[in-house]
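The values are calculated or read from the model by the stated rules, or taken from the named source; none is laboratory data. These numbers come from a predicted model, not from an experiment. Ideal geometry is used to build each Cβ from the backbone, glycine not excepted, and the neighbour counts take in all protein chains shown. We work out accessible area using only protein heavy atoms, side chains counted, and drop any ligands, DNA or RNA first. Shrake-Rupley method; radii C 1.70, N 1.55, O 1.52, S 1.80 Å.
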Amino acid sequence: MISFIEQGYKEGTLPIVYEEDEIIVFLDPKPVSPGHMVVAPKQKYTILEEIPDWLMGRMGEIANKASTAAFETMGAKGTNIIVHNGIPAGQDNNHFVINVIPRFDNDGQDLFWAPKQLSEEEMSTIELSLKPQTDIVGEFEKKKPKDIPIEDDIPDPEELDEGENYMLKQLDRIP
Amino acid sequence: MEGQPAQPQQPTAEELAQMSPEQIKELQMKNCIFCHIVKGNVQSKKMFEDDRLIGVLDINPANPGHLLLISKEHYMVLPQMPDPDINHLFMVAKGISHAMLKGLKAQGTNIFIANGAQAGQKAPHFMMHIIPRKDGDGLQCFNLNRKSAKDLLKMKETIQPKLYALLGKTPPQDSVESIPHEKPIEDLDIPEPPKPFRKEGFPPLEPPPDPIPPPPAEIEGIDPPPLQAAMEPPPDLPDVPDFDEIAAHLEQENPLRRQMKDSLTGKKDKSGKASIPVLEEELELPPPPEPETEDAEPEELPEHLSAPEHEQFVPQKAAPKMAVPKKKAVKTKKKPKIPPKKKAVPKKDESANLDDIAQVLFG
């Protein structure tokens, strides 16, 4: 399934604000507030787990710069950076994105949540279940340098026609 | 969200204006609860610790497992953080989100950053919220209320140069109508041919000489070096000894030496005896015939028997002529005595080996 981002990028209908090797930043066609930007990787990743570590870091840096740009140019009072990872989290489309939303007075968007009161038991169970997993978080994947393309003049024998294929020719040789 | 403790002493406005930025910072850190959490003065449930970040469970969470990623340094807003720290922060956030999915069996996560009070920032210390989500948990706050877009091109034109400037790059000159993926291929840069490498300190390479060199011009005013001086032997060599003097000296000491010399050169001895000193015991030849009567007989032998080139051995007659230089003759007489001894030795060894081998094999 092609996402609207990929399609829009190919057709050129996306209002791209910034483009890099693997990341694009564009203005959301259905914004929450004026200046709502979307930081997306060019390749389609569905969820956060699929994205390599270094790409996530780079997207975060760009999201930060986008938020400062919006803050300074649009005159926003604040910015939000939100990631929806998964359908229960509110992910709208199947292309992973980072939303950068500048905030103004009377947006119509309240990002407040009602804090819940949890008992000690629940907190301890959470702690016990989560702690061993977070201990593993440490080493991150780094960006691999691009392979240098080597141009060989030697043709692949499988691609040659029967008349040219030297591997087949040698079978016809009579010793 | 968190009830702040009672602040005993607050500086007045005058004192604030007079304080240096460092002192203001210290004051901020005093009042900031999260800085205390980082230091460990306040009890907290630490889930994750790093050299620049701390992960703490929120006391009043939106969902059980709500984690706060706090920076150890006191930053108020995300733009204050340097870029490598932001990179690290997002990578850690990804890892923690994955840990939540595994550990808490969540079905989704929300990552939330608030810069500014209007955005929902409640504490003066920067933090990132990571909230695990499950189906039907009832959180509606993260669902975005989308509206229709207005004046997207205008906004793009205002934001684009600023964003490129912030990231340190120049914006492209293409207009909106051009399709991005159909950019022209850049012209191939043909590299310059490699220059001849020359290490520093060496004189520059001279161009190669012509295949047919021009004839040398006559040099006037310089005389060629004298030949005699070139032919003279160098003075360092030792004096060549005079061999004739040494030979005369040796002859005086040893008279036999003179006789051998004369016999080899063909000179006859005045005494009439054979000049070659040969012992009669070594000879096994038959007694020689009478020298007077048999002088003619050797001449009358039939041709097939006679050996005209070689004269029969007559010890009393003159020795056969030998046109051989002195030194070699001396050496050849001595040599035949030595080699037979050498030949005898290996033969004995070979026979001994064979006997041993035979014993080993057969018995």
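Structure above, values below:
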item	result
A:TYR166 accessible area, 1.4 Å probe, all protein chains in place, Å² to nearest 10	120 Å²
Shielding of B:101-108 by partner chains, average beta-carbon count, 10 Å	6
Flagged links, alpha-carbon separation over 31 Å, of B:LYS102/B:LYS147; A:LYS142/B:LYS150; A:LYS142/B:LYS154; A:LYS44/B:LYS150; A:LYS146/B:LYS94	B:LYS102/B:LYS147; A:LYS142/B:LYS150; A:LYS142/B:LYS154
By accessible area with a 1.4 Å probe, ligands and nucleic acids excluded, highest first: order of B:ASP50, A:ASP135	A:ASP135, B:ASP50
Area of B:PHE34 that stays accessible when all protein chains are in place (1.4 Å probe, Å², to 10)	10 Å²
Taking region A:1-103 and dividing mean pair separation by its residue count, relative contact order in percent (alpha carbons under 8 Å, at least six apart)	30 percent
D (Stokes-Einstein, µm²/s), Kirkwood Cα radius, region A:1-101, 0.692 mPa s at 37 °C	238 µm²/s
Mean projected area in nm² (Cα convex hull; one quarter of hull surface) for region A:65-135	7.7 nm²
Accessible surface buried once B binds A (1.4 Å probe; total of both sides; Å²)	7600 Å²
Simple spin-label estimate for A:LYS143 and B:LYS169 in nanometres, 7 Å along Cα-Cβ	0.9 nm
Projected area averaged over orientations for region A:105-175, convex hull of C-alpha atoms, nm²	16.2 nm²
Ranked by how many other beta carbons lie within 10 Å on average, peptides B:37-46, B:156-165, B:353-362, A:142-151 from highest	B:156-165, B:37-46, B:353-362, A:142-151
Shielding by partners - mean other protein chain Cβ count within 10 Å, residues of B:18-26	0
For region A:57-151, accessible area per residue (1.4 Å probe, heavy atoms of protein chains only), Å²	55 Å²
Neighbour-limited loop hits for chymotrypsin sites (Phe, Trp or Tyr not before Pro), region A:109-147 (at most 11 other Cβ within 10 Å; DSSP other than H, G, I, E, B)	A:PHE112
Overall Cα dimensions of region B:79-151, principal axis frame, Å, largest first	37, 36, 26
Alpha-carbon Rg/Rh ratio, for region A:45-104, with Rh computed the Kirkwood way	1.02
Whole-Å semi-axes of the ellipsoid equivalent to chain A (Cα gyration tensor, √5λ, descending)	48, 26, 15
Net charge, B:ALA93 excluded, C-beta distance under 12 Å - Lys, Arg +1, Asp, Glu -1	-1
